[in-house]
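Working notes, beginning with the structure itself.
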Amino acid sequence: MSKLIKSLLIWLCFVPLAVANGVFRDSLLCGWLGGALALPVSGLILSCLIFAVTWFLLPCVVTVSGRDGFRMGCVWTVLTVLFEFLLGVAGGQSVPDLLSAYNPFTGNLWLLVVISVFLSPVIVSSFKVSQ
């Protein structure tokens, strides 16, 4: 099985993490912190979870070079954005509403999550190669 296909198994782990993070935000964080603070905290939590999953699983699933990590980051990022938009549109959200999530000045750190999806395999592959 190719490195890219194996890495997609890791990316698939992000989907239930994102859903669980959203449930955690809506059911607990909003009550504890209020909606305005819960949204960025949730973005930070999801970004950390994505990095942690990549850190622990990527070296177990496939040996990657820095170039492989960059390629994986690009593919994961495209898949993440496509998944978000397809799910959002299917759920009745408008494209302008979906695009507003990419503005960190609204308190939504979705852009940080997307950047984390890209950088996680890049960082992990760079660190693991240099050891």
Between helix 110-130 and the chain, what is the angle of the helix's C-alpha long axis to the longest principal axis, kept within 0 to 90° and rounded to the nearest 10? 20 degrees
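Just want to confirm a number: the relative contact order over the chain, from Cα pairs under 8 angstrom separated by 6+ residues, in percent. Intermediate values should be presented prior to the final figure.
Numbers: 128 pairs, mean separation 45.8, N = 131.
Once divided by the residue count of the chain, the mean separation gives 35 percent.
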Between helix 66-90 and the chain: long-axis angle, C-alpha atoms, 0 to 90°, nearest 10: 30 degrees
Rounded to the nearest whole Å², what accessible area per residue is found for the chain with the 1.4 Å probe? 56 Å²
Options [x] 1.00; [y] 0.98; [z] 0.94 are given for Rg/Rh (Cα atoms, Kirkwood Rh), and the computed one is [x]
What do you get for the angle between helix 3-24 and the principal long axis of the chain? Use alpha-carbon atoms, 0 to 90 degrees, nearest ten. 20 degrees
Estimated inter-spin distance, L37 and V81, nm [label 7 Å along Cα→Cβ]: 3.3 nm
Sorted on mean Cβ neighbours within 10 Å (highest first), peptides 28-34, 71-77 come out as 71-77, 28-34
Rounded to whole Hz, the Karplus (6.51, -1.76, 1.60) HN-Hα couplings of the stretch 95-109, x for glycine and proline: 4, x, 5, 5, 5, 5, 5, 8, 9, x, 6, 8, x, 8, 9
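The values are calculated or read from the model by the stated rules, or taken from the named source; none is laboratory data. As the structure is a prediction and not an experimental result, all values here were calculated from the model. Note that we place each Cβ from the backbone using ideal geometry, even for glycine, and neighbour counts take in every protein chain shown. Note: accessible area is taken over every heavy atom of the protein model, side chains too, but ligands, DNA and RNA are not part of it. Shrake-Rupley method; radii C 1.70, N 1.55, O 1.52, S 1.80 Å.
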